[in-house]
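Student: My structure is below; once you've seen it, I'll send some questions.
The values are calculated or read from the model by the stated rules, or taken from the named source; none is laboratory data. It should be emphasised that the depicted structure is a prediction, and the values quoted were computed from it without experimental measurement. Note that we place each Cβ from the backbone using ideal geometry, even for glycine, and neighbour counts take in every protein chain shown.
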Amino acid sequence: MKFGDFSLKALGILLMLAALGFAVSKAPDRSLESLVPRWAPPPSDFLDLDGLLVHYRDQGPSSDPVPLVLIHGTSASLHTWEGWVAELARTRRVISFDLPGFGLTGPNADGDYSDARYIAFVRQFLARLGVGRAILAGNSLGGEIAWQLALADPAHVAGLVLVDAAGYDFVPESVPLGFRIARTPVLREGMRWVLPRRAIEDSVTDVYGDPGRVTTALVDRYYELTLREGNRVALMQRLAQLAPGPVERLPEIKVPTLILWGGRDRLIPPAWGQAFHKAIPDSRLVVFPKLGHVPQEEDPAATLAALRDWLPQVAR
């Protein structure tokens, strides 16, 4: 066989393998209607907020004067808090929801995923639910929204729970594969149509302190909700709009503040939990040595115990 013939044959094999890989990994958008039966059974509900259909859950006694409001992080959903909600809702009103661009809520029409837009969204959403004062708990992006909202509207924030919160200009030790793809110009365009489930599995494993806790059902949830119409483009837009928060104003926060951090968080390392603790007066820091970036999801029982111990500090 001549060298030219061999090269053409090898190229043909590579093209066939590439086509096969594309076929296997092809992942078209999924409609909201197709995802609701599995991911939004009761007590899930939807609220039309200026044309954005917000997926949320409002559980526990409606008479609670100071509900807990739980805000998830980038590429997550309200489901990340379910381990907490199952226990808290026995005695407290607990509100969780999917932020624009993630979960079942879906994308903003104008592609604005700035911190300011998220803060305005949460204020409007809580006003529609008739919430006055609340305890805000947020993980990662949700934590950044929570502490910025406490600065913007202190009269309505009774307490803060920051779980591996964002806001500082941090340097990750490791970035989940899905985020790396979404931030790489050469790769992210293909992400609109191709998304190997393995990429999501690797991303979830990367943010867990103990990879053994990552289950098939957990990966299914992250994968399927990422495929919700518009979410992949929204992730690209959000990552392009990232900017440090006004951390110089953190000392202005005067409400009781609990800071929970995973000791094995490689996305926002524990040093940044120490930075929040140092900046926010009279805050309490609890570090979980074996947990990662989403400790409330990875070990609900341990993190909830720390929350329950702190809650009496917040006046109802």
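Student: Test ALA166 against the criterion of being surrounded by 21 or more Cβ atoms within 10 Å (Cβ to Cβ), modelled with pLDDT of 95 or more and closer than 21 Å to GLN274 by Cβ, and give yes or no.
Tutor: yes
Student: Of the residues ILE268, ILE280, ILE259, which is touching a Ser or Thr at 6+ places or on another chain (Cβ under 8 Å), under 27 Å from ASN108 (Cβ atoms) and among the β-branched types (Val, Ile, Thr)?
Tutor: ILE268
Student: Could you tell me how many of the residues in region 55-80 are of a type in the set (A, V, I, L, M, F, W, C) and either over 15 Å from the mean Cα position of the chain (by Cα) or assigned to a helix (DSSP H, G or I) (or both)?
Tutor: Step one: list which residues in region 55-80 are of a type in the set (A, V, I, L, M, F, W, C), which gives 66, 68-71, 76, 78.
So of that shortlist, the ones also either over 15 Å from the mean Cα position of the chain (by Cα) or assigned to a helix (DSSP H, G or I) (or both) come out as 66, 68, 78.
Summing the residues that are of a type in the set (A, V, I, L, M, F, W, C) and either over 15 Å from the mean Cα position of the chain (by Cα) or assigned to a helix (DSSP H, G or I) (or both) in region 55-80 gives 3.
Student: Additional query: Residues of region 285-316 being part of a helix (DSSP H, G or I) and farther than 19 Å from VAL85 by Cα, which ones?
Tutor: Across region 285-316, the qualifying residue is only GLN313.
Student: Could you tell me whether any residue of region 68-89 is among the hydroxyl-bearing types (Ser, Thr, Tyr) and surrounded by fewer than 21 Cβ atoms within 10 Å (Cβ to Cβ)?
Tutor: no
Student: Still on this model: Do we have PRO270 as of a type outside the set (Val, Ile, Thr) and touching a strand residue (DSSP E or B) at 6+ places or on another chain (Cβ under 6 Å) here?
Tutor: yes
Student: Given the conditions (1) of a type in the set (A, V, I, L, M, F, W, C); (2) within 29 Å of SER203 (Cα to Cα); (3) out of contact with any Leu (no Cβ under 9 Å at 6 or more places or on another chain), report the number of the one that ALA315 does not fulfil.
Tutor: For ALA315, the exception is condition (2).
Student: Determine the pairs where a residue that is over 23 Å from TRP310 (Cβ atoms) and modelled with pLDDT of 95 or more, located within region 88-101, has a partner that is among the small types (Gly, Ala, Ser) and not in a loop (DSSP other than H, G, I, E, B) with Cβ atoms under 9 Å apart, the partner being 6 or more residues away or on another chain.
Tutor: If the second residue must be among the small types (Gly, Ala, Ser) and not in a loop (DSSP other than H, G, I, E, B), the pairs left are LEU99/GLY142; PRO100/ALA234; GLY101/ALA234.
Student: Collect the residues in region 140-173 that are touching a helix residue (DSSP H, G or I) at 6+ places or on another chain (Cβ under 6 Å) and either part of a loop (DSSP other than H, G, I, E, B) or closer than 18 Å to ILE95 by Cα (or both), keeping them in residue-number order.
Tutor: Passing the criteria: ILE145, LEU149, VAL157, LEU160, LEU162, VAL163, ALA165, ALA166, GLY167, TYR168, PHE170.
Student: Taking the condition of being out of contact with any His (no Cβ under 7 Å at 6 or more places or on another chain), more than 21 Å from TRP310 (Cβ to Cβ) and surrounded by 12 or more Cβ atoms within 10 Å (Cβ to Cβ), how many residues in region 44-67 meet it?
Tutor: 10
Student: So if I check each of PRO43, PRO100, which one is under 25 Å from VAL204 (Cα atoms) and part of a loop (DSSP other than H, G, I, E, B)?
Tutor: Only one candidate passes the filter, namely PRO100.
Student: Can you find, within region 81-97, the residue that is farthest from GLU144 (Cα to Cα) among those that are of a type in the set (Gly, Ala, Ser) and in a helix (DSSP H, G or I)?
Tutor: ALA86
Student: Pairs under 7 Å by beta carbon, first residue in contact (Cβ under 8 Å) with a residue 24 or more places away in the chain in region 50-66, partner among the hydroxyl-bearing types (Ser, Thr, Tyr), six or more apart or different chains?
Tutor: Within 7 Å, the pairs are LEU52/THR105; LEU53/THR105; VAL54/THR105; HIS55/SER44; HIS55/THR105; TYR56/SER96; ARG57/SER44; ARG57/SER96.
Student: I'm checking my understanding of the structure. Among residues of region 109-120 that are surrounded by fewer than 21 Cβ atoms within 10 Å (Cβ to Cβ) and part of a loop (DSSP other than H, G, I, E, B), which one is modelled with the lowest pLDDT?
Tutor: Checked region 109-120; the qualifying residue modelled with the lowest pLDDT is ALA109.
Student: If a residue must be farther than 23 Å from ASP153 by Cβ and exposed (fewer than 13 other Cβ atoms within 10 Å of the Cβ), how many such residues does region 241-284 contain?
Tutor: Of the residues in that region, 2 qualify.
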